[in-house]
Amino acid sequence: MKKSTEPKRYLISFDSHTTSHVFTDILIIGSGVAGLSAAIEASKHCSVLVVTKDKIDENNTVYAQGGIAVVLSENDAIAKHIKDTLDAGQGLCDTPVVKTIISEGPERVKELIEWGAVFDREDDHLVFTQEGGHHFPRIIRAKGDSTGKEIEQALIRTIKGNKNIKVFEHTFTIDIVTRDGICHGVIAWHAKKGYMVIWARRTILATGGCGQVYRETTNPDVATGDGLAMAYRAGAALQDMEFVQFHPTTLYIAGAVRFLITETVRGEGGILRNKKGERFMPWYHSQAELAPRDVVSQSILKEMQKTDHTNVYIDVRHIPKERLYARFPRIREICASFGIDIARDLIPVRPSAHYMIGGIKVDRLSRTTVGQLYACGEVACSGMHGANRLGSNSLLEGLVTGYRAGKDAGASIQKSVRKLVPYAIRESMDLSKISWLDLDDIRNSLKSLMWRDAGIERDERHLLEAGEMIEMWGSYVMDKEFSNPTGWELQNMILVSGLIVSSALKRKESRGVHHRSDYPETDNIRWKRHITVKKAKS
Ligand code: FAD
Ligand code: SIN
């Protein structure tokens, strides 16, 4: 990011004398799988406050369909899951992290089952499915295609009776409060309660991804990259921001929300066909429909271009109707609402932005480069996924890294003699409160730009064009002071988009989900390394 377009330290000016104050030992921002796992573990040590910008169960986690990849089948092995994950990551995974997360996974999932999560079984045995890039059926699921909802509900039930955990819903975190490079909490906003400084001895960011910066995305509206942006403003290092994963198969009907058609549909035998009805995946990869996601997304794009059509199709008509309906009840229902009977009709699909592989750089204990600040789940870059994430590996990562963040934050408080001491803050950001901007228009333009110029296929010309547009919009959006989430989210989306584009420009090769048509080869000599970004000191 150019020095001239670096964001100001805070999105708003504020004075701690005129805000309300809240105190907690551990503050967790976000209520998905990572945030709630962290909360449960941290609450064994001290008081915990979970702050979330919507209702507690509105997040990426709830929409997860396919399942969790975990070694619980007798014939599977931790070493095999590690190998598949490392292979998909194309040289950029952090091997010790991969080993830790995959080895701890079974214990965390068993705990989740004890907390009441019910995964699908046949004859009392868990059933396992296969997804792209996995060489073994190791994905467990709930209610066919509602895994995330089942996990989220089990976690919510578990925190409900816990006296050490409080939850603030509909509370938007604007920025992390730091002094001398150490995090002391956040400044947040609630429509009725106004601005508040939440003072915390440790803060854990679990704010999820940023799919909303793209026009086509599987992510819900809350996924605007706020945690990434606020960590960057606070001076944290971010890593691998060019690696955005595109899911190959999202329902494509004009006007419909981009509902995911889970990869397990292909795992159960679904076939991809182009406009002419031809099965095309065997032309591109030996694993055909079960090739890694980047390969499937890029192949779909090529077929759409070749046949001059807006989408391709998934064909599951050969699967017996009863099995299909029982296995994918939610997909059946959503498709039926658009007049598509999945047992009889082809399902129109195309790729869309799905998962942010990059994020806030963390160590094995989920600690960021800012003191007393942790990050876990999708907002963090733990090194688990490298240049490409295997399907169903992120719920696992959220469970394990959330647990580890909660555990380390709790334990470090117990060891520390330092008390929580609030101090006076007066931050004046020299921002204009007068704005004639049409925020929705800029948001939509940004999303279209990102989709067109920084999407599945990238090249220097388009990335430069995107960078210039983002800089121009930034020049008149970033100098304004907004008073509600619409403006703050847009500012965060502009910042995160800029980081994606500048990192994508730098990486002059193709690797994993980052595909440069002007540099189609993988360059292990120059680029088997990470790109790290950090705000220039102002
Ligand atoms: P989230 O679950 O996204 O939670 C983030 C939380 O942070 C939310 O509560 C949000 O409101 C809050 N937040 C954000 N910004 C702020 C702010 N400024 N102030 C306060 N709160 C804030 N992965 C798998 O492993 N298996 C799957 O089958 C699977 N299917 C998926 C299907 C879909 C449709 C999608 C979108 C993703 C899927 N994924 C799947 C990916 C996986 O669901 C996510 O990576 C994972 O759930 C992220 O969890 P998280 O806790 O990090 O973030
Ligand atoms: C899916 O069900 O296809 C999504 C799985 C994932 O993103 O891990």
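The values are calculated or read from the model by the stated rules, or taken from the named source; none is laboratory data. Quick caveat: nothing in here was measured; it's all calculated off a predicted structure. Don't worry about glycine lacking a Cβ; one is built from the backbone with ideal geometry, like all the others, and counts go over all protein chains shown. Surface accessibility is based on the protein's heavy atoms, side chains included, excluding ligands, DNA and RNA. Shrake-Rupley method; radii C 1.70, N 1.55, O 1.52, S 1.80 Å.
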Notebook entry, point to check: From the residues in the range 371-385 that are more than 15 Å from ligand 2 (Cβ to nearest atom), in contact with a helix residue (DSSP H, G or I) (Cβ under 8 Å, 6 or more places away or on another chain) and not polar (S, T, N, Q), which one is nearest to Leu36 (Cα to Cα)?
Noted result: Cys376
Note to self: Given the options Thr486, Thr532, name the one that is within 30 Å of Leu86 (Cα to Cα), β-branched (Val, Ile, Thr) and under 25 Å from the mean Cα position of the chain (by Cα).
What the structure shows: Thr532
Checklist line | Test for Lys99: is it under 20 Å from the mean Cα position of the chain (by Cα), open to solvent by 40 Å² or more (accessible area, probe 1.4 Å) and basic (Lys, Arg) | finding: no
Notebook entry, point to check: For Thr24, which of the numbered conditions (1) closer than 18 Å to Ile140 by Cα; (2) modelled with pLDDT of 95 or more fails to hold?
Noted result: (1)
Notebook entry, point to check: Residues in the range 245-257 that are within 13 Å of ligand 2 (Cβ to nearest atom) and either closer than 28 Å to Arg507 by Cα or in a loop (DSSP other than H, G, I, E, B) (or both): how many?
Noted result: 6
Item checked: Within the range 215-227, tally of residues that are touching a Gly at 6+ places or on another chain (Cβ under 6 Å) and either in a loop (DSSP other than H, G, I, E, B) or away from ligand 2 (no atom under 16 Å from the Cβ) (or both) -> 2
Note to self: Please count how many residues of the range 503-535 are under 14 Å from Ala454 (Cβ atoms), among the hydroxyl-bearing types (Ser, Thr, Tyr) and open to solvent by 30 Å² or more (accessible area, probe 1.4 Å).
What the structure shows: 1
Item checked: Those residues of the range 475-484 which are in contact with a strand residue (DSSP E or B) (Cβ under 8 Å, 6 or more places away or on another chain) and buried (at least 17 other Cβ atoms within 10 Å of the Cβ), in sequence order -> Lys480, Glu481
Next item on the list: Hey, can you tell me all the residues within the range 379-410 that are closer than 17 Å to Thr203 by Cβ and crowded, with 24+ Cβ neighbours inside 10 Å?
Entry: Val379, Ala380, Thr401, Gly402, Arg404, Ala405, Gly406, Ala409
Notebook entry, point to check: Would a scan of the range 411-422 turn up a residue that is part of a helix (DSSP H, G or I) and buried (at least 24 other Cβ atoms within 10 Å of the Cβ)?
Noted result: no
Check: Which ones in the range 311-359 are surrounded by fewer than 24 Cβ atoms within 10 Å (Cβ to Cβ) and of a type in the set (S, T, N, Q)?
Finding: Asn311, Ser337
Next item on the list: Go through (1) modelled with pLDDT of 95 or more; (2) assigned to a loop (DSSP other than H, G, I, E, B); (3) open to solvent by less than 60 Å² (accessible area, probe 1.4 Å) one by one and return the number of the condition Val118 breaks.
Entry: (3)
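Assess whether Phe136 counts as being in contact (Cβ under 8 Å) with a residue 60 or more places away in the chain, surrounded by fewer than 23 Cβ atoms within 10 Å (Cβ to Cβ) and farther than 30 Å from Phe23 by Cβ. Steps first, answer last, please.
On the way: in contact (Cβ under 8 Å) with a residue 60 or more places away in the chain: yes; surrounded by fewer than 23 Cβ atoms within 10 Å (Cβ to Cβ): yes; farther than 30 Å from Phe23 by Cβ: yes.
When the stated conditions are applied, Phe136 passes them.
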Note to self: Filter the range 285-324 down to the residues that are closer than 16 Å to Lys275 by Cα, assigned to a loop (DSSP other than H, G, I, E, B) and hydrophobic (A, V, I, L, M, F, W, C) and list them by number.
What the structure shows: Val316
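Listed here are the residues, each with its yes/no results for (1) out of contact with any Gly (no Cβ under 8 Å at 6 or more places or on another chain); (2) open to solvent by 20 Å² or more (accessible area, probe 1.4 Å); (3) not in a helix (DSSP H, G or I).
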| position | (1), (2), (3) |
| --- | --- |
| Ile434 | yes, yes, yes |
| Trp451 | yes, yes, no |
| Arg461 | yes, yes, no |
| Ile470 | no, no, no |
| Trp473 | yes, yes, no |
| Thr486 | yes, yes, no |
Next item on the list: Could you check, for the range 170-190, whether at least one of its residues is touching a residue at least 40 places away in the same chain (Cβ under 8 Å), within 16 Å of ligand 2 (Cβ to nearest atom) and open to solvent by less than 40 Å² (accessible area, probe 1.4 Å)?
Entry: no
Notebook entry, point to check: Only one of Ser20, Ser73, Ser16 is open to solvent by less than 10 Å² (accessible area, probe 1.4 Å) and not β-branched (Val, Ile, Thr); which?
Noted result: Ser16
Next item on the list: Please work out which residue is farthest from ligand 2 (Cβ to nearest atom), limiting yourself to the range 47-64 and to residues that are within 24 Å of Glu104 (Cβ to Cβ) and open to solvent by less than 10 Å² (accessible area, probe 1.4 Å).
Entry: Val48
